[in-house]
Amino acid sequence: MVIDQQKMQSLSARMVEAEVKGRSPWADARRRFFRNRAAMLGLTILVLVTLFALFGGAFAQWSNEELDFSVMGRVAELGAPSLANGHYFGTDNLGRDLYARTVQGTQISLMVGVVGAAIAVIVGTLYGATAGYIGGRTDQIMMRAVDILMSIPYMFVLILLLVMFGRSMSMLFLGIGLISWLDMSRIVRGQTLSLKNREFVEAARATGVSSFRIIIRHIVPNLLGVVAVYATLLVPLMILTESFISFLGLGVQEPLTSWGALISEGAGTMNYGTLWQLAFPLFFFVITLFGFFFVGDGLRDALDPKER
Amino acid sequence: MSDLLTVRDLRVTFSLRREGAMPWASPTLLRAVNGVDFTLRAGETLGIVGESGCGKSTLARALIGLVPATGQAEWIDGRDLLNLTPRQMMAYRQDIQMVFQDPLASLNPRMTVGQIIAEPLVTHRPDLPRAEIRERVRAMMEKVGLLPNQINRYPHEFSGGQCQRIGIARALIVEPRLVICDEPVSALDVSIQAQVINLLIRLQKELGLSLIFIAHDLSVVKHVSDRVMVLYLGKVMELASASDLYGSPQHPYTQALLSAVPVPDPTVEAARTIVPLKGDLPSPMNPPSGCVFRTRCPRAEARCAAEVPALAGGDHAVACHFPGPLTEAEIARAREVA
Ligand code: SF4
């Protein structure tokens, strides 16, 4: 009897116990991610670069448009990086403060990357999930459209767009956004196809959950891992694309600048002894790309433990 | 007892296109379910047994509207479930719920147990306040033997047996009248199987449910079912009350299946004769003429290839030209070939 009572008591105690908090698959992935050294290094770099882009301007002694007349014309001798005259990163060929210019370029490059990736994530995910879930003829038509768009040499089109409609930020975003979601939609569609035959989706269909809700509640959350990984790898790709275009001289327009534009300017004057003009933008460019790749890799390992 | 569901001539046909075939080439037809008739009475359990590939899962999916089917499935109120628009079907989806085979795969890994169990309720009763839904979910968890304080946990934190309890709770939360269990225990450990089956039996009694219980061997079905239906290649071979079917199986196929069921008593186990089935299951894309079982039947004769045997015999229905217990000679012949 005594034992029974004890059992009953402990049972009832367990019943009224506060609700146990579950360990979601996301929380598991987060834990694995934080244990990954390379990924954490990448994340730290990205945080620092972002902070630099956001608050770096506050430390600048010069604005990004001011010309320093004291160094003008003798940039190679006087424009080198120095703390004394406030040009931490030196000046560019026109005597503008390279530190302020790099901050500005970082802002724009990051923005291009993030916005491009965001468009890819939103449009690509919904497009791919819809095509994959509905299937049949709709899927055929939607994916053939993607194939056709992909077969167009996009760099060519992008350059054409920029030349025809003039160079502007919105044109650049439009161009990059137009192409970035294609790959994403393909990846998402493939994943959706395999998810849609899983039993939990069948269970939802059997109880009459609407297609829209199934896509939002069952398909998309289970795709998010792949999407997150691909998106982090897409950001540097977008940055590269923008930089390439800017390097060609078709990207952002003065007085705006970006890493690509800065690197292009720096590369142009490489032979005149002003190597810092190339080195500083290039440094930020490279570490950011590395940061994104490390984080993307870490995310992939964290979200898909079976792969290891 | 009234008939909850009357199924007449239910057929599910998939048309398969060969990979790389020309678009105008006619597709191959796979008749997964090929004219099945049965009735299900209110409050009873119908066991459906057959080898994998005999169409039993497809039959379940057809009843619940997951795959398109032809024929008739008359619900108790006289409506034919197979010919409803999706909108009309919504009302019946609440009455018919399903428990799936793979407990973990049938639960969305990104949702908490509470969200999973609540989903049918949220779908069918959007007017209920959240607190009420939560209360009902907790009550249902208790009913199926889960601790209600686990409501915020995720499926991967549960064992297979517990996951199946979650699946059962999800099916029962909307108070259905019919629950279709598609091999609910075949993915579980033997020790857990009994628990889940007993839970199903208990809940059925408590709630007055009708169950369709699908399994691939006769032993599991035995304890649960009032009546048992044996399927082979999408056709009904034998349909009888459980005691009749296990006591005096008439169809050669049923007898072969039954002979393979292990018996717990060692002396009986040693004495029993296994009737082996020769050969493999024929392809459902190209089923044998006449009786579909004839390629493996020890009693097959010329008439079996020519005529399709009808399912006849009232309460103990058999689809065979020559029903009856297998003779010693036939068993010996079956063993020889196998
Ligand atoms: S009809 Fe003929 S082949 Fe079919 S089960 Fe009966 S005896 Fe065997």
#### Entry: Failed condition for A:GLU242, given (1) within 14 Å of chain B (Cβ to nearest Cβ); (2) within 26 Å of the chain's Cα centre (by Cα); (3) in contact (Cβ under 8 Å) with a residue 12 or more places away in the chain
(1)
### Query
Going through the stretch A:263-293 one residue at a time, which ones are among the β-branched types (Val, Ile, Thr) and outside any helix (DSSP H, G or I)?
A:THR269, A:THR274
### Task
Identify the residue in the stretch B:297-338 that is more than 9 Å from the ligand (Cβ to nearest atom) and in contact with a Lys or Arg (Cβ under 6 Å, 6 or more places away or on another chain) and, among all such residues, is least open to solvent (accessible area, probe 1.4 Å).
B:GLU330
## Note on the structure
Sole miss for A:ARG217 among (1) open to solvent by 60 Å² or more (accessible area, probe 1.4 Å); (2) touching a helix residue (DSSP H, G or I) at 6+ places or on another chain (Cβ under 9 Å); (3) more than 14 Å from every other protein chain (Cβ to nearest Cβ) is condition (3)
### Summary
Flagged pairs (Cβ under 6 angstrom, 6 or more apart or on separate chains; first in the stretch B:26-46, free of Cβ contacts under 8 Å to residues at least 60 places away in the same chain; second outside any strand (DSSP E or B) and surrounded by fewer than 20 Cβ atoms within 10 Å (Cβ to Cβ)) are B:PRO27/B:ARG17
### Task
Identify the residue in the stretch B:43-68 that is within 14 Å of chain A (Cβ to nearest Cβ) and touching a helix residue (DSSP H, G or I) at 6+ places or on another chain (Cβ under 9 Å) and, among all such residues, is surrounded by the fewest Cβ atoms within 10 Å (Cβ to Cβ).
B:PRO68
### Query
Would you call B:LEU258 surrounded by 15 or more Cβ atoms within 10 Å (Cβ to Cβ), more than 12 Å from the ligand (Cβ to nearest atom) and either in the same structural domain as B:VAL33 (by TED's automatic domain parsing) or basic (Lys, Arg) (or both)?
yes
### Query
Which of the residues spanning the stretch B:270-296 are under 27 Å from B:PHE14 (Cβ atoms), away from the ligand (no atom under 11 Å from the Cβ) and touching a Ser or Thr at 6+ places or on another chain (Cβ under 8 Å)?
B:GLY279, B:PRO282, B:MET285
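Looking for whichever is closer than 25 Å to B:VAL261 by Cα, assigned to a loop (DSSP other than H, G, I, E, B) and in contact (Cβ under 8 Å) with a residue 24 or more places away in the chain here; the options are B:PRO298, B:PRO287. Which one fits?
None of the others qualify; the one that does is B:PRO298.
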### Query
Do we find a residue being more than 8 Å from every other protein chain (Cβ to nearest Cβ), open to solvent by 10 Å² or more (accessible area, probe 1.4 Å) and assigned to a loop (DSSP other than H, G, I, E, B) anywhere in the stretch B:109-124?
no
#### Entry: Tabulated pairs, the stretch B:74-90, first outside the structural domain of B:PHE38 (by TED's automatic domain parsing), second assigned to a loop (DSSP other than H, G, I, E, B) and at pLDDT 85 or above, C-beta under 8 angstrom, 6+ apart or interchain
none
### Query
Which of the residues belonging to the stretch B:146-161 are free of Cβ contacts under 8 Å to residues at least 40 places away in the same chain and within 18 Å of B:SER191 (Cα to Cα)?
B:LEU146, B:SER159
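Here's the yes/no breakdown for (1) modelled with pLDDT of 85 or more; (2) within 14 Å of chain B (Cβ to nearest Cβ); (3) in a helix (DSSP H, G or I); (4) open to solvent by less than 70 Å² (accessible area, probe 1.4 Å):
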{"site": "A:ASP147", "(1), (2), (3), (4)": "yes, no, yes, yes"}
{"site": "A:VAL157", "(1), (2), (3), (4)": "no, no, yes, yes"}
{"site": "A:ARG167", "(1), (2), (3), (4)": "no, no, no, no"}
{"site": "A:PHE173", "(1), (2), (3), (4)": "no, no, yes, yes"}
{"site": "A:LEU182", "(1), (2), (3), (4)": "yes, no, yes, yes"}
{"site": "A:PHE200", "(1), (2), (3), (4)": "yes, yes, yes, yes"}
### Query
Within the stretch A:262-298, restricting attention to residues that are within 22 Å of the chain's Cα centre (by Cα) and without any contact (Cβ under 8 Å) to a residue 24 or more places away in the chain, which residue is most open to solvent (accessible area, probe 1.4 Å)?
A:PHE283
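The values are calculated or read from the model by the stated rules, or taken from the named source; none is laboratory data. Please read all numbers here as calculations on a predicted model, not as lab measurements. Virtual Cβ from ideal backbone geometry, glycine too; neighbours counted across all protein chains shown. Surface accessibility is based on the protein's heavy atoms, side chains included, excluding ligands, DNA and RNA. Shrake-Rupley method; radii C 1.70, N 1.55, O 1.52, S 1.80 Å.
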